[in-house]
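Read through the structure below, which is laid out as structure tokens, and then see the notes.
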């Protein structure tokens, strides 16, 4: 994940030639960087599969991760998806 912080340096506001804070106003920091176990499901596939039991256009689909190129809706990302019966 990523955490972010920002500072405005406007309390009190600089007056009479005063200057705003020196340095970065926004900072970003990586967090939870411990590698996942090799047996872990890809979080993107997990997100996709969470819709497997949700009706779309009157049917159920097995949603799969697509990570190449631009999406081509309405062909559902250019892939035929397995219809669940």
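Contact annotation: residue pairs with Cβ atoms under 7 Å, 6 or more positions apart or on different chains, pairing a residue in the stretch 44-73 that is farther than 25 Å from residue 1 by Cα with a partner that is outside any loop (DSSP other than H, G, I, E, B) and at pLDDT below 85, are 59/83; 61/83. How about the stretch 46-67: which of its residues are within 16 Å of the chain's Cα centre (by Cα) and either at pLDDT below 85 or loosely packed, with under 10 Cβ neighbours inside 10 Å (or both)? Of everything in the stretch 46-67, those that are within 16 Å of the chain's Cα centre (by Cα) and either at pLDDT below 85 or loosely packed, with under 10 Cβ neighbours inside 10 Å (or both) turn out to be 65, 66, 67. Residues of the stretch 24-68 that are in a strand (DSSP E or B) and out of contact with any strand residue (DSSP E or B) (no Cβ under 7 Å at 6 or more places or on another chain): 56 alone.
Hey, any hits in the stretch 17-37 for a residue that's surrounded by 10 or more Cβ atoms within 10 Å (Cβ to Cβ), on the phi < 0 side of the Ramachandran plot and in contact with a helix residue (DSSP H, G or I) (Cβ under 9 Å, 6 or more places away or on another chain)? Yes - at least one qualifying residue is present in the stretch 17-37.
The values are calculated or read from the model by the stated rules, or taken from the named source; none is laboratory data. The shown structure was predicted, so the numbers you read here are calculated from the model rather than taken from an experiment. Backbone-built Cβ (ideal geometry, glycine too); neighbour counts: all protein chains shown.
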